[in-house]
Amino acid sequence: MAKKKINPLDIIAAKQAKIKEVNQAAAKRVEQLKETTKKESKPVVTAKPKPVAKKSTKKKADKNGGNKLIRVHNEIHEHAKFNTKRMALSDYVESLIDLAEEDSNIKWKDLKPFETTPHSLEKKRTLFRVSPHHHKKAKFNFKRMKLQEYIETLVMLDRQGFIKW
């Protein structure tokens, strides 16, 4: 048997024809899928990842000198501001927190009820600046009171004379 000479160009042309057929069939399938998905599909909403914000401690430390802020009612702020010990406001509040931690010098049960103006009616916000250490002590107090109420109660206890310095 004599071997037939095969032309390499014929082989290449046959491969390209097969590739064209496969591509045309794939294109038809894609078109059919697009038509069916347009009718049946609902838009899919994917959640965008939240950006990770880097917290800079420098700004907070510079802003308040590293101290934490506690918001109180204006009346309580005035009582603390003009205290009988003539101490600076933040020192006075920090001393009250220290005395309350010892608890032997305070008569909690003798406190007379006091009323304050609600924050919504107050025009100006009043804040105490305390060190982070004292803020933590006051926040996790043994009376399990809210931070603002705890500080206000301490000031009123001192104002009514139930704290022994």
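Nothing in this text is a laboratory measurement; each read-out follows from the coordinates by a stated rule. Note that this is a predicted model, so its numbers are computed, not measured. Every residue, glycine as well, gets a Cβ built from its backbone with ideal geometry; the counts of neighbours run over all protein chains shown.
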To the nearest 0.05, how large is the calculated FRET efficiency for Ser131 and Glu78 if R₀ is 22 Å and r is the Cβ-Cβ distance? 0.45
Contour minus end-to-end for Lys3 and Trp165, with contour as 0.36 nm per residue of separation and end-to-end as the Cα-Cα distance? 46.5 nm
Which distance in nm do the two modelled labels at Lys48 and Arg86 give, with both placed 7 Å along the Cα-to-Cβ direction? 6.0
Three-way shape label, region 122-163, alpha-carbon gyration tensor, a/c 1.5: oblate
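Quickly rank 10-20, 89-99, 130-140 as a protection proxy: mean count of other C-beta atoms within 10 Å, highest first.
89-99, 130-140, 10-20
What FRET efficiency comes out for the pair Lys124/Asp98, r = Cβ-Cβ distance, R0 = 22 Å, nearest 0.05?
0.20
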Based on C-alpha coordinates, I'd like the Rg and Dmax of region 79-132, in Å. 13.5, 37
Using only the Cα atoms of region 85-165, build the gyration tensor, take square roots of its eigenvalues as a ≥ b ≥ c, and label the shape rounded, prolate or oblate: rounded if a/c is under 1.5, else prolate if a/b is larger than b/c, else oblate. rounded
